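The values are calculated or read from the model by the stated rules, or taken from the named source; none is laboratory data. Since the structure is predicted, the reported quantities are computational estimates derived from the model, not experimental observations. Methodologically, a virtual Cβ is constructed for each residue, glycine included, from the backbone with ideal geometry; neighbour enumeration extends over all protein chains shown.
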Amino acid sequence: MFGLFKKKAGASGLQPESKWLLSINGQMITVTDAKGQVSSISDADLTGIAIETNDSGPWGIDFWWLLFGPEDKLACAFPQGATGESEIFGYLKGLSDVDYDHMKKAMSSTQNAVFAVWRKPA
């Protein structure tokens, strides 16, 4: 199922999205953006995951993962196609109550929209 979420690199080189680097090391999710800025969130502080889509595709980055922390503040964001994205899918598979229907809807969206895909149980 997660193979649906991969973008292919063009003949001219890497897509801009692949310049973002993701890693999950123990209990920490770390995102390094294309400019080298690093953000992270611990597993314990993660409160929600959403996908934001926009109408800038196919030339712009039109699909973003949003990770929320305490007080539902945005902690990390990265585009679909980021290097290490498969690690995030592995992490998602370990969470309970992931809304895969919202993930599918996000994949087909060409609108400016936000899809909540997981919320930490109360």
Discussion item. Given the condition within 21 Å of Val38 (Cβ to Cβ) and part of a loop (DSSP other than H, G, I, E, B), answer yes or no: does some residue in segment 110-121 qualify?
Written reply: no
Discussion item. It is to be established whether one or more residues within segment 86-95 are in a loop (DSSP other than H, G, I, E, B), hydrophobic (A, V, I, L, M, F, W, C) and over 22 Å from Glu17 (Cβ atoms).
Written reply: yes
Discussion item. Quick test of your reading of the structure: Glu87 fulfils all but one of (1) surrounded by fewer than 19 Cβ atoms within 10 Å (Cβ to Cβ); (2) at pLDDT 90 or above; (3) touching a strand residue (DSSP E or B) at 6+ places or on another chain (Cβ under 7 Å). Name the failing condition by number.
Written reply: (2)
Response to the item:
Restricting segment 22-33 to residues that are modelled with pLDDT under 95 and in a loop (DSSP other than H, G, I, E, B), the one surrounded by the fewest Cβ atoms within 10 Å (Cβ to Cβ) turns out to be Gly26
Item to complete: Name every residue in segment 1-21 that is assigned to a loop (DSSP other than H, G, I, E, B) and at pLDDT 85 or above, in order of residue number.
Response: Trp20
Practice prompt. Output the residues belonging to segment 35-80 that are touching a strand residue (DSSP E or B) at 6+ places or on another chain (Cβ under 9 Å), part of a loop (DSSP other than H, G, I, E, B), without any contact (Cβ under 8 Å) to a residue 40 or more places away in the chain and surrounded by 12 or more Cβ atoms within 10 Å (Cβ to Cβ).
Written response: Gly69
Fill in: When residues of segment 107-118 are limited to those that are modelled with pLDDT of 95 or more and out of contact with any helix residue (DSSP H, G or I) (no Cβ under 8 Å at 6 or more places or on another chain), the one nearest to Leu46 (Cα to Cα)
Val114
Response to the item:
The correct count of residues that are out of contact with any Phe, Trp or Tyr (no Cβ under 8 Å at 6 or more places or on another chain) and at positive phi in segment 82-122 is 1
Worksheet item: Within the set of pairs 6+ apart or on separate chains, which have a first residue in segment 83-100 that is closer than 14 Å to Lys120 by Cα, a second that is assigned to a helix (DSSP H, G or I), and C-beta atoms under 8 Å apart?
Response: Val98/Leu92
